[in-house]
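All remarks here apply to the structure that follows.
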Amino acid sequence: MTGVAEGLRVLDFTWFAVGPVTTKYLADNGAEVIKIESRQRPDGLRLAPPFKGDPSVSLNRSQYFGNYNSSKKSVSIDMSTEEGRDLVRGLVPHCDILAESFRVGTMAKWGLGYDKLRELRPDLIYLATCLQGQTGPRAGYAGFGTQLAAISGFYNVSGYSPDELTPVHGPYTDFVAPRFSCFALLSAIDHRRRTGEGQLIDMSQYEAALNFLSPALTDYFATGRVAQADGNHSGRYAPHGAYRCRDDAGGERWIALSVAGDEQWRDLLRVLSDDAGRPMFPTHAGRLERPDEVDRYIGALIAGRDATELTAALQQAGIPAYPVQNCADLRADENLCAWGYVRELDQSECGPMPYDGFAYRLDRTPGVQTAAPNIGEHTDEVLSSLLGLSETEIGRLRDAKILN
């Protein structure tokens, strides 16, 4: 085995981020993931930048799509046709897992809901992931992770004050839910291994996201306090935040640090060659009560210093501190380079493209990662090998626009 998911076959009806990232984990770890889309209704990320070359030339130029769909196969079927849906019904008995991320009811409208498909394969594991789950008064609401981050409470605690909210970057919850979805799939696979039973997984991205607000929610349930935006202030650390250093040719440079108590405060001032801060802010409790004054004081001491050199000095003194890195910094980061995190994979149309590597290392089953597929690249291969369709029949389906 080269991957822990080797031997599994997944029929992938997911699109955009949450679903594709979930099934990407399986694909990169050896599962055969067959992505179903069409040129009339492609995965929306195929239309999103960054592009390599002219995106009007084809649907295969987006690396946003590519990065979330590595190691998969692509089959192009027009799901608006009954004959196209019949092809899917033929594929289901050959698949261990079906994953979909449409609005509630879409698959059922096509006659492809879990109740129908389990008749074709009783031990099928069916993952349905959408914003607010398959049931409840808002189950049918549409949206993206940017809206879900708002309703989940993240916007309310992000910003400098309750009057100046700063939404978290991007569709934040899209990068939370896949980790829960993948764990749920692995749990269902283990259950089937032990019992022979398949099951429906109803993955609410809303509920998954709330796990990342656990401290604020727990505090409210215990005390009734409602967490509000408060900049970088902390109830445990002072100073605590990002402080501007000396800029360089790459732009602004900042350092993030946290000081937990009086000993670290003394060590911070020592590294910064300052003597006046100790009598001015003598106790940790006092610094917690005066965070803005502490920030201004430390900010003035740090201004003009080199972020990398200061990080090394603070780390040597035992103070948690790191430079604030941008994308160019991450691409050159020595740790990421040492791990080989960014991988150049050869995409059949675009050539070498950068992909996120693995966030973990499995020494016995490392997985084999390949570039994302062109749309419909594996249609003939999959339909002939799994359904036994002849070249003539595949040609007829293509002429009839069932395969497109």
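The values are calculated or read from the model by the stated rules, or taken from the named source; none is laboratory data. On a predicted model such as this, the values are computed, not experimentally measured, just so you know. FYI the Cβ positions are ideal-geometry reconstructions off the backbone, even for glycines, and counts take in every protein chain you see. Heavy atoms of the whole protein, side chains included, go into the accessibility calculation; ligands, DNA and RNA do not. Shrake-Rupley method; radii C 1.70, N 1.55, O 1.52, S 1.80 Å.
Computed quantities for the displayed model
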quantity: For the chain: relative contact order, % (alpha-carbon pairs under 8 angstrom, 6 or more apart); calculated: 20 percent
quantity: Structure-based [θ]222 nm, the chain - -39500 (n - 2.57) summed over DSSP H runs of at least 4, per residue, nearest 500; calculated: -10500 deg cm²/dmol
quantity: 5 angstrom amide H check on Cys130, placed H, neighbours 5+ away; calculated: Met203, Gln205
quantity: For the stretch 331-404 and the stretch 51-65, distance of Cα centres in Å; calculated: 15 Å
quantity: Candidates per trypsin sites (Lys or Arg not before Pro) in the stretch 209-251, loop by DSSP, up to 12 other Cβ within 10 Å; calculated: Arg225, Arg236
quantity: Residues whose placed amide H lies under 5 Å from that of Ala238, excluding near-sequence neighbours; calculated: Val259
quantity: Residues in the stretch 203-223 that a label on Leu165 would reach, taking backbone N under 20 Å of a point 7 Å out along Cα→Cβ; calculated: 205-221
quantity: Thr2 paired with Lys109, simple spin-label distance in nm, labels 7 Å along Cα-to-beta-carbon; calculated: 4.0 nm
quantity: Descending principal axes extents, the chain, alpha-carbon based, whole Å; calculated: 85, 48, 42
quantity: Residue-count net charge about Arg270 - beta-carbon cut-off 13 Å; Lys, Arg +1, Asp, Glu -1; calculated: -3
quantity: Gyration tensor (alpha-carbon) shape descriptor, the stretch 208-367, a/c threshold 1.5; calculated: oblate
quantity: Nearest-10 value in Å² for the accessible area of Met1, using the 1.4 Å probe; calculated: 140 Å²
quantity: Of all DSSP beta bridges in the chain, antiparallel share, percent nearest 5; calculated: 45 percent
quantity: Whole-Å semi-axes of the ellipsoid equivalent to the stretch 72-197 (Cα gyration tensor, √5λ, descending); calculated: 34, 18, 13
quantity: Low-density loop cleavage sites - trypsin sites (Lys or Arg not before Pro) in the stretch 113-150, where at most 14 other Cβ are within 10 Å (DSSP); calculated: Arg138
quantity: All lysines inside 24 Å of Lys73 as judged from Cα atoms, apart from same-chain residues fewer than 8 positions distant; calculated: Lys24, Lys35, Lys52, Lys401
quantity: Rounded to 5, the percent of DSSP beta bridges in the stretch 1-103 classed as antiparallel; calculated: 10 percent
quantity: For the stretch 6-111: rounded, prolate or oblate by the Cα gyration tensor [a/c cutoff 1.5]; calculated: oblate
quantity: Accessible-area composition of the chain, carbon plus sulfur, in percent [1.4 Å probe]; calculated: 53 percent
quantity: Whole-Å distance, taken between Cα centres, linking the stretch 135-167 and the stretch 169-239; calculated: 14 Å
quantity: Per residue accessible area in Å² of the chain, where ligands, DNA and RNA are left out and the probe is 1.4 Å; calculated: 51 Å²
quantity: For the stretch 235-247, Karplus couplings with θ = phi - 60° (6.51, -1.76, 1.60), whole Hz, Gly/Pro x; calculated: x, 10, 10, 7, x, 8, x, 10, 10, 6, 9, 6, 6
quantity: Sequence-distant residues sharing a close amide H with Gln199 (under 5 Å, placed H); calculated: Ile125, Tyr126
quantity: Centre separation in Å (Cα based) which lies between the stretch 76-122 and the stretch 258-275; calculated: 61 Å
quantity: Most fluctuating residue given options Ala249, Ala149, Ala31, as computed from a GNM of the chain linking Cα atoms under 10 Å; calculated: Ala249
